[in-house]
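Scroll down for the structure; my scribbles are underneath it.
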Amino acid sequence: MPFGIDLIGRLLKAYPGKVKGIKDSSGDFANTKSYADHYAKDGFEVFCGDDGALHSLLNAGGAGCITAAANVGSAVSAVVYANWDNPKGAEAQTTLSAIRKAVVSAPLIPGLKALVARNTGNPAWHNIRPPHMKLSAEGQAKLFDAFDACGLKLAAAA
């Protein structure tokens, strides 16, 4: 259950200068936007947990996005962030949304590790702790196809 607008207001009043922002991972953009609508003008930073909502949140006065998918999509997120108020940002958001959709098409942690393993050529990235399990070869192939369809080429590993 998301934090209510009234609770945020009470916290800001009770702890001035201490409560700086919120990351909303509720998946309900209307909820995320309501935080920005009510408090962003006063410096309260609102972050979404869904890359697909970044451009919309920035246009509503939000601060950005905190997401696991940024492990592979941060370069595109940066373009959206830098261009939130022009067509280049909207165009980049289309790619970022596709990246998010691809990444969450598989279990998140194993999928991200599989993408990094492929990009770095280091199979140690496949080592996963319970309760997560390594993706099957079929699962990896589906994830890689979906990710590659986004058109993003990950930076070469150092």
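Every number in this text was worked out from the coordinates using simple rules, so none of it is lab data. No experiment lies behind these values; they were computed from the predicted model shown. Cβ sites come from the backbone with ideal geometry, for glycine too, and all protein chains shown count toward neighbours.
Here region 46-70 and region 97-125 have alpha carbon centers that stand 20 Å from each other. Modelled this way, with points 7 Å down the Cα-to-C-beta line, the labels at Ala149 and Lys13 are 5.0 nm from one another.
Computed extension gain for Ile128 through Lys142, at 0.36 nm per residue and net of the alpha carbon distance, reaches 3.1 nm.
Against the chain, whose longest principal axis is taken from its Cα atoms, helix 29-39 shows a tilt of about 40°.
Relative to the Cα centre, what is the charge dipole magnitude of the chain, using +1 at the beta carbon of each Lys and Arg, -1 at the beta carbon of each Asp and Glu, and rounding to the nearest 20 debye?
440 debye
The sum of -39500 (n - 2.57) across all DSSP H runs of n ≥ 4, divided by the residue count of the chain, sets its helix-only mean residue ellipticity at 222 nm to -16000 deg cm²/dmol. Between Ala90 and Ile109, the contour length at 0.36 nm per residue exceeds the alpha carbon distance by 4.1 nm.
Pairs of Lys residues in the chain, spaced 8 or more positions apart or belonging to different chains, with C-alpha separations under 17 angstrom: 15 in total. Summary of packing: across the peptides 8-20, 114-126, the per-residue average of other C-beta atoms within 10 Å ranks them, highest first, as 114-126, 8-20. Over region 65-142, the pair-distance histogram of Cα-Cα distances with 10 Å bins from zero comes to 19, 44, 26, 11, 1 percent, rounded to whole numbers. Charge tally for Pro16 (other residues, Cβ to Cβ under 14 Å; Lys, Arg +1; Asp, Glu -1): +3.
GNM on the chain, alpha-carbon springs under 10 angstrom: the most fluctuating residue among Gly73, Gly43, Gly111 is Gly43. Apply the Debye scattering formula to the chain, with a single equal point scatterer on each alpha-carbon and no solvent, then give log10 I(q)/I(0) at q = 0.11, 0.13, 0.20, 0.21 Å⁻¹. With one equal scatterer per Cα and no solvent, log10 I(q)/I(0) is -0.51, -0.68, -1.15, -1.21.
Legend: calculated FRET efficiency, Ile66 to Ala156, from the Cβ-Cβ distance at R0 = 22 Å, rounded to 0.05, equals 0.30. Could you state the angle between the C-alpha long axis of helix 70-82 and the longest principal axis of the C-alpha atoms of the chain, as a value from 0 to 90 degrees rounded to the nearest 10? The angle comes out near 50 degrees. The H on the amide N of Gly64, modeled in the peptide plane, is under 5 Å from the matching H of Val46, Cys48, each at least 5 residues off or on a different chain.
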